[in-house]
Amino acid sequence: MKSFLIIGLSTYGKHLCKELARLDNEIMIADKDSAVVEAMVKYSVSAKICDCTNPEVLESFGADEFDCCFVCLGNNFTEALEISYLLKELGARKVITEVNRDLETKFLLRNGADEAVYPELDAARRIAAKESSDSVFNALALSDGYSVYETETPERWCGESVKSLNVRAKYNINILATKNSDGMKPMLSPEYVFNADDHLIVMCHENDIRRLFHY
């Protein structure tokens, strides 16, 4: 079990809070809006209605005691930037901040945030990758054009081994696992032979997955 501080209950912040609670973590929430806090209090162990741009308020939270602090203020970039900076000044171990534009990411990473999440862009990339090819079933965007994909096995790979195909060198693709009716097989051996009913879990650049499936 880990402990998290969520400042701001934007749509993303609320979903994040519910998912962290579902995974049995301890969560403290804070927002200016009393109605939003009251609606989410059942998912938390502590809830505050307050202005988190006030350094004294933030200091009272004990930011350094949480495994991670999330700043989820939707479109309010100015306050998100200020709070992220203050959290790091107060000794927060890790600060992850919601953004709505790429430009915001650069400012945040230079001024306190350890990581920035762009929920709308991440969702758009995942859907675009999935729908652009019938061979891609799912995608999880990482950064700089890299993603984890779930794909079908290329027909020309069937009956061939990982070693004989020399996948990493030839295709610039890292195979993380295969998945079929028998379950998931991670960390494939060089001798593993691909089957037509395998789904591949791979990590690579979007250009490499497009070349692999010619789209």
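Just so it is clear, none of the values below were taken in a lab; they were calculated from the coordinates. This one's a predicted model, so the numbers in the text were calculated from it and none came from an experiment. Note that we place each Cβ from the backbone using ideal geometry, even for glycine, and neighbour counts take in every protein chain shown.
In summary, the lysines within cross-link reach of K32, defined as a Cα separation below 20 angstrom excluding same-chain residues under 8 places away, comprise K14, K18, K42, K48. Can you spot the aspartates and glutamates whose alpha carbon is less than 15 Å from K106's alpha carbon? Ignore those fewer than 8 places along the same chain. By straight Cα distance, K106 reaches E82, E98, D114, E115, D144. Spin-label model, L90/E59: points 7 Å from Cα along the beta carbon direction are separated by 1.0 nm. With contacts taken as Cα pairs under 8 Å at a separation of at least 6 residues, the stretch 3-117 carries a relative contact order of 24 percent. Annotation: the residues D182, D114, sorted from fewest to most other C-beta atoms within 10 Å of their own C-beta, follow the order D182, D114.
Measuring nothing but how far apart in sequence close Cα pairs (under 8 Å, 6+ apart) lie, relative to its length, the stretch 49-174 scores a relative contact order of 15 percent.
In plain terms, the C-alpha convex hull of the stretch 3-117 casts an average shadow of 6.0 nm² when viewed from every direction. For the chain, the relative contact order is 13 percent, taking Cα pairs closer than 8 Å that sit 6 or more residues apart in sequence and dividing their mean separation by the residue count. Of all the options V117, V148, V95, the one that moves most in a Gaussian network model of the chain with Cα springs shorter than 10 angstrom is V148. Over the stretch 122-213, the hull volume per residue, using the convex hull of the C-alpha atoms, is 94 Å³. Calculated [222 nm] ellipticity per residue, helices only, for the chain: -10000 deg cm²/dmol; basis is -39500 (n - 2.57) per DSSP H run with n ≥ 4, divided by all residues, nearest 500. Could you identify which residue out of Y85, Y192, Y149 has the top mean-square fluctuation in a GNM of the chain using Cα springs shorter than 10 Å? Comparing Y85, Y192, Y149 in the GNM, the peak value goes to Y192. For helix 119-131, what angle does its Cα long axis make with the longest principal axis of the chain, in degrees from 0 to 90 and rounded to 10? So the helix axis and the longest Cα principal axis differ by about 20 degrees.
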